[in-house]
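The values are calculated or read from the model by the stated rules, or taken from the named source; none is laboratory data. Here the structure is a predicted model, which is why all the values come from computation and not from measurement. Here the Cβ positions follow ideal geometry from the backbone for every residue, glycine too, while neighbour counts run over all protein chains shown.
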Amino acid sequence: MYTIDLSGQVALVTGSSRGIGAVIASRLAAAGASVAINYRSNAAAADAVIDEIRAAGGEALRVPGDVSDENAAEAVVKTTADRLGRLDILVNNAGVNRDRLMLRMTAADWDEVITVNLRGTFLATRFAIPLMLRQRYGRIVNISSVVGLTGNPGQANYAASKAGQIGFTKAMAREVASRSITVNAVAPGFIEVGEEGGMTAGMTDDQRGQVLSRIPAGHFGTAEDVASAVLYLTSAGASYVNGQTLTIDGGLTA
């Protein structure tokens, strides 16, 4: 049986106080990594994730900060490395959506999504890379979306940000591969995330049926499915996987 051991490693998961990010953080901690739980505003949710990790015997640190802000992103990375000793794994998960058809989309809708999703990925990576270069080791995983591959009506801003993450992933992989640093992306499809719903939130039964009919697997995915992919990409077993986008969509984009 193949097991993943991240003992002695430190991971920073942006936007990990809830949803997919929280599950990713918990899985990394269960594999032995010390995990920095980053969030922008919901300290109570972050503390709940930390309590769960600690109850299971793991180590977690609360690191607030909006990674789309340059000074805050630098502080988040620095605090993680200072408090936990190093930084081996960065998962760029923080993101928002402001879905509207183009005729109704405002410049503010566009700017917020691009700023959080794409600029946040850039900034967190920008400050993490020097640490990884000095260590001559690192794993970066960007949480994109199948929407960045296929597009979706009403999500021009979101699709652009997620496609941008994929391009960013490919460029960064070429820049840092010689230092044993890998940069990959995970592109989730329709994922149900507990009470938050994920991409399936707000769907009518008819809409759910229509979407399910397009998914060869015949069901929606879970946050655990996404976390499993991230866990693999951060492992030693993925050392020769670089610049790739792993779709977690039940065959939707096959």
Worksheet item: What residue, among those in the stretch 129-154 that are under 15 Å from the mean Cα position of the chain (by Cα) and in a helix (DSSP H, G or I), is surrounded by the most Cβ atoms within 10 Å (Cβ to Cβ)?
Response: Gly148
Worksheet item: Which condition number does Leu149 fail, the rest of (1) at pLDDT 95 or above; (2) in contact with a Ser or Thr (Cβ under 7 Å, 6 or more places away or on another chain); (3) closer than 30 Å to Gly32 by Cβ being met?
Response: (3)
Worksheet item: Does any residue of the stretch 3-10 turn out to be farther than 18 Å from Ser228 by Cα and either touching a Phe, Trp or Tyr at 6+ places or on another chain (Cβ under 6 Å) or among the polar types (S, T, N, Q) (or both)?
Response: no
Item to complete: For Ile215, indicate whether it is in contact with a Gly (Cβ under 9 Å, 6 or more places away or on another chain) and either in a loop (DSSP other than H, G, I, E, B) or closer than 24 Å to Val241 by Cα (or both).
Response: yes
Response to the item:
Residue pairs qualifying under the 7 Å Cβ cut-off, at least six apart or on distinct chains, with the first in the stretch 204-225 being within 9 Å of Gly250 (Cβ to Cβ) and the second being modelled with pLDDT under 90 and in a helix (DSSP H, G or I), are Phe220/Thr200
Worksheet item: What are the residues in the stretch 94-128 that are small (Gly, Ala, Ser) and buried (at least 17 other Cβ atoms within 10 Å of the Cβ), if any?
Response: Ala94, Gly95, Gly120, Ala124, Ala128
Discussion item. Among the residues in the stretch 47-65, are any of a type in the set (D, E, K, R), crowded, with 19+ Cβ neighbours inside 10 Å, under 25 Å from Glu224 (Cα atoms) and modelled with pLDDT of 95 or more?
Written reply: no
Worksheet item: Filtering the stretch 94-128 down to residues that are in a helix (DSSP H, G or I) and of a type in the set (Gly, Ala, Ser), which residue is farthest from Asp5 (Cα to Cα)?
Response: Ala107
Worksheet, complete the sentence: For the stretch 60-81, the count of residues that are assigned to a helix (DSSP H, G or I) and farther than 21 Å from Ser26 by Cα equals 7
